[in-house]
Amino acid sequence: MRKPIIAGNWKMNKTIKEGLEFVESIKGKTDDNVETLICAPFTLLKDLKEATKGTNIKIGAQNMHFENSGAFTGEVAPANLVEIEMDYVIIGHSERREMFNETDESCNKKVLKAIEVGINPILCCGETLEEREANETMKKVESQVSKGLLNVDPKDLEKVVIAYEPIWAIGTGKTATAQQANEVISYIRSVVRNMFGDLADSVRIQYGGSVKPANVAEIMGQSDIDGALVGGASLKADDFLGLLKF
Ligand code: PGA
C-alpha cells in the first residue's frame with residue numbers, strides 16, 4: 001500500500017512568524033494515515049522543524065545544490081539540510097526549471113545526492129500547454145522522469161516521490177481533470193516500471209496544479225494518484241486541513 005502524501009509548497013511565501021502560526025494551528029489535527037509535509041523557504045525550515053518535533057508533520061526544502069560544498073554563491077548545500085533534519089526536498093519544480101535554468105541533468109544529480117544524504121526527493125515533471133496541445137505530454141514526462149531517475153539504486157526507489165504538475169495548471173485555477181491527471185500518472189508509473197520493474201508499485205506519484213479542498217477528493221480517488229503537491233491552497237491553515245481530509 002502506498003501511503004498518501006499531501007505536501008504544501010509554500011514557494012516564496014511566509015515569514016518565520018507566519019510559518020510558526022500556521023503549524024501551531026494545524027498541530028493535533030493531522031492524520032497518521034496521511035503523510036503531511038510542508039516545504040517552506042529556507043530561513044523558516046529550522047524553526048518549523050523544531051516546532052513540529054513529536055508530531056507527524058514533516059518539513060522539506062524547495063531546492064538543494066548537488067555539490068557537497070564549494071564556490072556556489074547563494075546556493076544551499078545538502079549538509080545544511082541534513083543538519084536541520086529535513087525530511088524531503090523538492091527537485092526540479094517547473095518554476096525552477098523555467099526561471100532558474102534547471103535541467104534534467106542537474107535534477108538527476110540532485111535526486112542522487114538527496115538519496116545519498118538521506119533526504120527524500122520529490123522529483124517534479126510536467127508539460128506546458130503547447131506540449132499538451134501538440135500531444136507531447138507523455139513524451140515530455142517520460143523524458144523528465146527517465147532522466148531524473150537515471151542511476152537511482154533500485155533499493156532506494158521507494159524513497160523517491162514523483163510529482164506530476166502540468167505547467168498550465170499551476171497557479172492558474174485550471175486543474176487537469178482527475179481522469180487527465182490519472183492517465184498521465186499511470187503512464188509515469190509505466191515509465192518507472194520499464195526502468196525498475198515491479199518496484200514501480202511502491203513509488204508514490206502526486207498530482208499538483210490548482211489542487212484545493214473542493215477538488216482534492218476526486219483527484220485522490222483516482223487509482224494511480226497517491227498525493228498532492230499544493231501551492232496556493234497550502235498557504236491557509238484551514239484550506240490545508242481541508243486537503244488532508246480528502
Ligand atoms: P498551485 O501550485 O497549487 O498553486 O497550482 C502547485 C505547485 O506549483 O506545486
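The values are calculated or read from the model by the stated rules, or taken from the named source; none is laboratory data. All values derive from a computational prediction rather than experimental measurement. No Cβ is skipped: glycine too gets one built from the backbone with ideal geometry, and neighbour counts run over all protein chains shown. Calculation scope for accessible area: heavy atoms of the full protein, side chains included, ligands and nucleic acids excluded. Shrake-Rupley method; radii C 1.70, N 1.55, O 1.52, S 1.80 Å.
Scanning the stretch 124-152 for residues that are without any contact (Cβ under 8 Å) to a residue 12 or more places away in the chain and in contact with a Lys or Arg (Cβ under 7 Å, 6 or more places away or on another chain) gives a single hit, Glu131.
Scanning the stretch 176-194 for residues that are more than 18 Å from Lys140 (Cβ to Cβ) and either open to solvent by less than 40 Å² (accessible area, probe 1.4 Å) or of a type outside the set (Val, Ile, Thr) (or both) gives Ala178, Gln179, Arg193.
Each row is one residue, and each column tells you yes or no for (1) within 16 Å of the ligand (Cβ to nearest atom); (2) assigned to a loop (DSSP other than H, G, I, E, B).
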site	(1), (2)
Met64	no, yes
Gly74	no, yes
Lys110	no, no
Ala163	yes, no
Gly171	yes, yes
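Which of the residues spanning the stretch 140-161 are buried (at least 22 other Cβ atoms within 10 Å of the Cβ) and either assigned to a loop (DSSP other than H, G, I, E, B) or among the small types (Gly, Ala, Ser) (or both)? Once the filter is applied, which keeps residues that are buried (at least 22 other Cβ atoms within 10 Å of the Cβ) and either assigned to a loop (DSSP other than H, G, I, E, B) or among the small types (Gly, Ala, Ser) (or both), the stretch 140-161 yields Gly148, Leu149, Val160. Close Cβ contacts (under 9 Å, 6 or more residues apart or on different chains) running from residues in the stretch 203-220 that are within 20 Å of Tyr88 (Cα to Cα) to residues that are among the basic types (Lys, Arg) and away from the ligand (no atom under 11 Å from the Cβ) comprise Val203/Arg2; Val203/Arg189; Arg204/Arg2; Arg204/Lys3; Ile205/Arg2; Ile205/Arg189.
Among the residues of the stretch 193-219, those that are in a loop (DSSP other than H, G, I, E, B) and among the aliphatic types (A, V, I, L, M) comprise Val203, Val211.
Of note, Gly197 does not satisfy the criterion of being at pLDDT 95 or above, more than 11 Å from the ligand (Cβ to nearest atom) and surrounded by 21 or more Cβ atoms within 10 Å (Cβ to Cβ).
I'm checking my understanding of the structure. Among residues of the stretch 55-113 that are more than 23 Å from Leu157 (Cα to Cα) and among the hydroxyl-bearing types (Ser, Thr, Tyr), which one is least open to solvent (accessible area, probe 1.4 Å)? Among them, the one singled out is Thr55.
Restricting Phe72, Phe22, Phe100 to those that are under 19 Å from the mean Cα position of the chain (by Cα) and not aliphatic (A, V, I, L, M) reduces the list to Phe100. Contact annotation: residue pairs with Cβ atoms under 6 Å, 6 or more positions apart or on different chains, pairing a residue in the stretch 94-107 that is within 16 Å of Glu75 (Cβ to Cβ) and modelled with pLDDT of 95 or more with a partner that is open to solvent by 20 Å² or more (accessible area, probe 1.4 Å) and in a helix (DSSP H, G or I), are Glu102/Arg96. The residue of the stretch 202-241 that is farthest from Ile162 (Cα to Cα), among those that are of a type in the set (Gly, Ala, Ser) and open to solvent by 50 Å² or more (accessible area, probe 1.4 Å), is Ala214.
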